[in-house]
1. Got a sec? Which of 241, 135 is assigned to a helix (DSSP H, G or I), within 27 Å of residue 51 (Cβ to Cβ) and either more than 18 Å from the chain's Cα centre (by Cα) or of a type in the set (Phe, Trp, Tyr) (or both)?
2. Taking the stretch 35-55, which residues are part of a strand (DSSP E or B) and either polar (S, T, N, Q) or farther than 16 Å from residue 92 by Cα (or both)?
3. One residue is enough: does the stretch 212-222 have a residue meeting the conditions in a helix (DSSP H, G or I), under 19 Å from residue 126 (Cβ atoms) and out of contact with any Pro (no Cβ under 6 Å at 6 or more places or on another chain)?
4. Pairs only if they're at least six apart or on different chains, beta carbon under 6 angstrom, first in the stretch 89-101 and at negative phi and crowded, with 24+ Cβ neighbours inside 10 Å, second of a type in the set (Ser, Thr, Tyr) and assigned to a helix (DSSP H, G or I); list them, first residue then second.
5. In the stretch 227-248, how many residues are aliphatic (A, V, I, L, M) and modelled with pLDDT under 95?
6. Search the stretch 1-26 for residues that are over 14 Å from residue 230 (Cα atoms) and pair each with any residue that is of a type in the set (Ser, Thr, Tyr) when their beta-carbon atoms are under 6 Å apart and the residues are at least 6 apart or on different chains.
7. Filter the stretch 205-216 down to residues that are out of contact with any helix residue (DSSP H, G or I) (no Cβ under 7 Å at 6 or more places or on another chain), aliphatic (A, V, I, L, M) and closer than 15 Å to residue 192 by Cβ, then give me how many there are.
Amino acid sequence: MTAAHVTVIENAPDAPLGSFEQHLTAAGLTVRTVRPHAGEALPALADLGAGLVVLGGDGTAYDDEQTPWLPGLRTLLLDAATSGVPTLAVCLGAQLLAVAGGGQVTVAAPPGRESGAVRIFWRPEARTDAVVGATARAAAEVGGRASVYPTDHADAVSELPRDAVWLASSNMYPFQAFRLGSALAVQFHPEADAAMLEQWLADAEPAERAEALESLAQAAERAETNGAELARAFVDQVLTTSTESVLV
């Protein structure tokens, strides 16, 4: 039997799949990475396989002239989300999904750049989510409601799509996670490690860069554990949905 595959859209060479690749392959899934930044064509909805992951990137969610594949990617994201394809949209991916669904993204948002290890506060709605539900329930059971993840962004979702479910916020930005149909969108980077974040912060002010890296160093173990939990939960959703499709 041919292994089910998950399609990964890499929007920039410095924003790869990171730690998520090992979780996908360990579950027996094949990873098909499409690199539109290198001229590769976006796949059709029917060719996505068992799931879709859309990663971060350098441009904005509206930067169609400089990033000409964005209109097609916004359409693909929304089609996947409304067709039942298990989808994970990260950072720029989350912003693209928000815009595709009728929401808004603020470019260079006034609160400023959010980077380093960030506390993500789960809303009650998150406890029943297919992917982050277990994490949100565990946080609530120990008297808290937060998890720590790496992040680095200046643009931010400022208005959710009408049909979206708001799942999480941070102290700096309200819309850190939301669900739209079968898609989970996260502004933070559960797939990232310290080396990736250090590369992204290369152009930051020295003090900002040092503070962000120090925060990640202090929370590295928690951030890595939380990222792995989210990855495994997404894999479970992919496998469950794929099995249900075969049975039908």
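1. So the residue among 241, 135 that is assigned to a helix (DSSP H, G or I), within 27 Å of residue 51 (Cβ to Cβ) and either more than 18 Å from the chain's Cα centre (by Cα) or of a type in the set (Phe, Trp, Tyr) (or both) is 241.
2. Residues satisfying the conditions are 49, 51.
3. Yes, because at least one residue in the stretch 212-222 is in a helix (DSSP H, G or I), under 19 Å from residue 126 (Cβ atoms) and out of contact with any Pro (no Cβ under 6 Å at 6 or more places or on another chain).
4. Here the result reads none, with nothing in the stretch 89-101 linked to a residue that is of a type in the set (Ser, Thr, Tyr) and assigned to a helix (DSSP H, G or I).
5. Of the residues in that region, 3 qualify.
6. Here the result reads 3/30; 4/242; 5/30; 8/33; 10/33, each pair linking the stretch 1-26 to a residue that is of a type in the set (Ser, Thr, Tyr).
7. 0
Yes/no matrix, rows are residues, columns are (1) of a type in the set (Val, Ile, Thr); (2) surrounded by 15 or more Cβ atoms within 10 Å (Cβ to Cβ):
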{"residue": "147", "(1), (2)": "no, yes"}
{"residue": "151", "(1), (2)": "yes, yes"}
{"residue": "155", "(1), (2)": "no, yes"}
{"residue": "193", "(1), (2)": "no, yes"}
{"residue": "225", "(1), (2)": "yes, no"}
{"residue": "239", "(1), (2)": "no, yes"}
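The values are calculated or read from the model by the stated rules, or taken from the named source; none is laboratory data. Since we're looking at a predicted model, the values are computed, not measured. Ideal geometry is used to build each Cβ from the backbone, glycine not excepted, and the neighbour counts take in all protein chains shown.
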